[in-house]
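Okay, structure first, notes after.
We did not get these values from a lab; they are worked out from the coordinates using the rules stated. Every value quoted in this text rests on a predicted model; they were computed, and no experiment measured them. All Cβ positions, even for glycine, are placed from backbone atoms using ideal geometry, and neighbour counts span all protein chains on display.
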Amino acid sequence: MPIEFEFTPDQVAFRAAVRSFAQREIGPIVAEMDEREEFPTATVRRMQSEGYFGVPVPEEFGGLGLGKVGYCILLEEMGQVDASHAAIVGAHTSLGTTPLLYYGTAEQKRRWLGPAARGESLLAFSLTEPGSGSDSGAVHTVAEAKGERFELTGTKIYVTNGREADTVVLLAANDLKLGPNGGVTAFLLDRGTPGFSVGRCEKKMGLHGTSTAELILDHVDVGPENILGEVGKGFIVAMTALDVGRVSLAAASLGGMEAALDSALEFSKNRTQFGLPISEFEAIQFKLADIGMHVHALRYLVYHAAASQDRLGNDPKAWSRLDRMNKTRESAVVKCLASEWAADAIDEALQIHGGLGYIRGTPIERAYRDARISEIFEGTNEIQRLVVSRDLIARGR
Ligand SMILES: Cc1cc2nc3c(=O)[nH]c(=O)nc-3n(C[C@H](O)[C@H](O)[C@H](O)COP(=O)(O)OP(=O)(O)OC[C@H]3O[C@@H](n4cnc5c(N)ncnc54)[C@H](O)[C@@H]3O)c2cc1C
């Protein structure tokens, strides 16, 4: 297990560019976006034109070619400024472009991956259904074979970017009896396909800039060109994308923790009580230390996992069984720890702000609401613990 790690000059320059972009373009609009609960179309467009929607995608397919490490840098920096923008780019990139890059045919890469990586189209990923959440292999949306075509019927829920997406990577059951072992197929579904519509959009506790949409499929006819990977092998397509998503989600959590720490440091040095800045009180100092220690540890965890995924490359056929198991365990560990550490850190940072931390519209109040979902989506933390414990029992540490 390689431990040493250094950012390349390109990655350092990329971080500086993203930081400046996020502070200049996103920072000023976040409070209003959150209050109005609006998808940030203008800043998303600007991010698309900067190439930020294709960071890990190789240049030959229209991306920036900065790998998973570059992609985590993007999400860490976005996470410092706004969790909604991080979630929008994350759903598109980890869960939309990854399956296309790993499993798409040359023609699918040309038709769907190129435009997505160049920022000309937005992607979403749709696995969850009313009856299938943690038990994600129990998909009930039916993909009925009609010769070499399929007809999709069912309802998907909780789709990030679902209202705005041009194309959705959508999982449906080609055989209800087989479930995840041969019964689930991944499809590429374009907006405007007859029978495919967006239903209700959820009101949420946080991530107010993102849409969380229901998708309705009413006898939607799709051809073989819309099948991503092989018929019956969709569950592995979804799980491989989630391995990438969980690491990038951890990078966004890291950014959220860093912003909370910065805010707590600044506030505690400037807020005076009992004649002293509150940063002079040990109770506050220990909270700052705990947040700082977790930030320090999480940086290593996130970039170790991202660099490991970069070393594996973009062809799942070239991965050994051991590669896959290591990758899945590491991404579950990182996602679970990051989301819980971030929730704790932001809670403590809010406490340091006293009453002000509870006032609607302060960045720490928004961060508190935004952070909670990371313990739930892309697999709840109970499911991450199942993944880790099963692997420990099977293989040892
Ligand atoms: C804002 C938001 C955005 C989302 N974006 C997307 C998206 O883009 N695409 C998509 O497909 N989905 C998305 N989701 C869905 C998300 O991934 C699911 O909500 C999540 O996986 C949990 O599923 P569930 O809500 O059905 O909960 P359930 O599976 O019903 O779980 C309920 C509780 O039971 C626990 N539990 C379930 N099974 C077990 C078990 N075996 N052992 C121990 N505990 C268990 C869970 O951990 C949880 O605490 C999103 C959800 C939200 C809220």
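Brief remarks on what is shown
- Counting all C-alpha pairs of the range 125-228, share separated by more than 18 Å (%): 43 percent
- For Lys233, a cut-off of 30 angstrom between C-alpha atoms picks up these lysines, skipping any fewer than 8 places away in its own chain: Lys68, Lys109, Lys146, Lys156, Lys177, Lys317, Lys327, Lys335.
- Here the Gaussian network model covers the chain, with springs between Cα atoms less than 10 Å apart; of Gly119, Gly354, Gly229, Gly354 fluctuates the most.
- Divide the volume of the convex hull around the Cα atoms of the range 234-395 by the residue count and you get 118 Å³ per residue.
- The charge dipole of the chain, taken about the Cα centre with unit charges on the Cβ atoms of Lys, Arg (+1) and Asp, Glu (-1), comes to about 480 debye, rounded to the nearest 20.
- Spin-label pair Arg321/Arg46, simplified geometry with 7 Å Cα→Cβ offset, distance in nm: 5.1 nm
- For the range 9-122, the alpha carbon positions stretch 42, 34, 18 Å along the principal axes, listed from largest to smallest.
- Proximal charge balance of Glu365 [Cβ under 12 Å; K/R count +1, D/E count -1]: -1
- The ellipsoid equivalent to the alpha-carbon distribution of the chain has semi-axes of 36, 22, 20 angstrom, derived from the gyration tensor eigenvalues as √(5λ) and listed largest first.
- For the range 84-151, a Kirkwood hydrodynamic radius built from all Cα pairs, placed in the Stokes-Einstein relation at 37 °C and 0.692 mPa s, yields a translational diffusion coefficient of 238 µm²/s.
- Segment Leu392-Ala283, length gained on full extension (0.36 nm per residue, minus Cα span): 35.5 nm
- Near Ala22, once Lys and Arg are set to +1 and Asp and Glu to -1 for all other residues with Cβ below 14 Å from its Cβ, the sum equals -3.
- Take 324-336, 162-174, 90-102 and order them by the average number of nearby Cβ atoms within 10 Å per residue, most first; the result is 90-102, 162-174, 324-336.
- Unit charges at the beta carbon, dipole of the range 129-200: most positive-side option, Thr141, Thr155, Gly199: Gly199
- Modelled label reach - Tyr300, point 7 Å along Cα→Cβ, the range 1-32 residues with backbone N closer than 11 Å: 3-5
- Over the chain, relative contact order from alpha-carbon pairs under 8 Å, at least 6 apart, %: 17 percent
- Using θ = phi - 60° and Karplus 6.51 cos²θ - 1.76 cosθ + 1.60, couplings along the range 142-152 (whole Hz; Gly, Pro as x): 8, 10, 8, 5, 10, x, 8, 9, 10, 10, 9
- Within a Gaussian network of the chain (alpha carbon springs, distance under 10 Å), most fluctuating of His353, His85, His208: His353
- Globularity ratio of the range 333-397, using Cα Rg and 2.2 N^0.38 Å: 1.42
- Only one residue of Ala394, Ala305, Gly357 has its Cα farthest out toward the positive end of the dipole of the chain, where Lys and Arg carry +1 and Asp and Glu -1 on Cβ, and that residue is Ala394.
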